[in-house]
Amino acid sequence: MFVTVVDGAYGLDVRPRAAHYVPPAVRELRRAGVIEDVLADGFVPKKMFWGKLDGAYPAGLDNSILGDDHPDPEVNWGHCAAGELGQSKARAWVQVSTSAGEIRMEADYTMGCDGANFQIRRSLQGDMTFPGFTWDKQIVATNVYYDFDRYGYEDANFIIHPEHWHMASRITKDGMWGVSYSEQGGLSHEELAARQPMKFETMLPGNPKPQDYVLANFSLYRVHQRLTENMRVGRFLLVADAAHLCNPLEPFQRIRVFGHSNSQ
Ligand SMILES: Cc1cc2nc3c(=O)[nH]c(=O)nc-3n(C[C@H](O)[C@H](O)[C@H](O)COP(=O)(O)OP(=O)(O)OC[C@H]3O[C@@H](n4cnc5c(N)ncnc54)[C@H](O)[C@@H]3O)c2cc1C
């Protein structure tokens, strides 16, 4: 089988986002034969816990159980699905704009894995057919150098709180952590950046001030709960965020919705 990936960007997205591969993804990386390359650059997180701002440790998980023939795809950066597509009984095709002009690419099956922008899904199903809703919350995702080990943090830590719910995870071998936290909806990038020191001081262990950590990256995301009506339309398949969007820290949202108070 031969797979060709076309991506509208010109390289990998370096904004802070996903921190870890969960077990089903690890299985796919292993089946694809790239697990050794991933392990060489990354590490295997050992433990995670769900805690509270006061240090209470209600639950934890020892994540040492990770449990295999994929083609080696060709990746074409700078190839953007332009919206026009079509299919026959045997083939599916998309118009793709490239620096050399527009071309038509076709295959036995075409997968739309173009994320939350979902051009393929829009072309297949229309702009307004992504059932669900958008939360009145935002998530701020940061990368930060801060000594969480000093406070007994595990590799992945989910802190439960009605307002300051967040996740802190070790994401590199050189001491960088990903800290993603809840914020009010409707605030601009500048307003959220101005609030970031207050959020860290309030919610992180040791109540750090800006001089106590190095903030390496900062980006924001809207939070959705949406699922496409059809993940398959003939020879087109919708995959991942193109098919479903949800809060990556969803358990906290559920706690908030059901009014289960965790405040201290
Ligand atoms: C703060 C945060 C933390 C998260 N943590 C985790 C985690 O720890 N573990 C986890 O598994 N998930 C996590 N997630 C979720 C995860 O990041 C997403 O589910 C995942 O990145 C979605 O992958 P995707 O390939 O569907 O979309 P994307 O990663 O958005 O990729 C879409 C690709 O399609 C390309 N593209 C877009 N439009 C077109 C077009 N028209 N033509 C061609 N190419 C196009 C883009 O350039 C991009 O490369 C997190 C998300 C957030 C926001």
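The numbers here are math on the coordinates, done by the rules we state, and not lab data. Predicted model, so just to flag it, every value in this text is computed and none were measured. A quick note on method: Cβ atoms are made from the backbone with ideal geometry, for glycine too, and the neighbour counts reach across all protein chains shown.
Identify, from the list Pro16, Pro23, Pro45, the residue that is more than 30 Å from Thr202 (Cβ to Cβ) and not hydrophobic (A, V, I, L, M, F, W, C). Reasoning before the result, please.
Values: Pro16 fails: more than 30 Å from Thr202 (Cβ to Cβ); Pro45 fails: more than 30 Å from Thr202 (Cβ to Cβ).
Residue meeting the stated conditions: Pro23.
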Task: Whichever residue in region 7-27 is more than 7 Å from the ligand (Cβ to nearest atom) and basic (Lys, Arg) and, among such residues, is farthest from the chain's Cα centre (by Cα) - done: Arg27
- [ ] List every residue pair whose Cβ atoms lie under 6 Å apart, where the two residues are 6 or more positions apart in sequence or sit on different chains, the first residue falls within region 87-115 and is outside any strand (DSSP E or B), and the second residue, located anywhere, is basic (Lys, Arg).
- [x] Tyr109/Arg235
TODO: Being touching a helix residue (DSSP H, G or I) at 6+ places or on another chain (Cβ under 8 Å) and in a strand (DSSP E or B) is the filter; apply it to region 128-143 and report the residue that is farthest from Tyr213 (Cα to Cα).
DONE: Trp135
TODO: Run Gly42 past the list (1) more than 14 Å from the ligand (Cβ to nearest atom); (2) more than 27 Å from Thr110 (Cα to Cα); (3) not charged (D, E, K, R) and report the number of the one that doesn't hold.
DONE: (1)
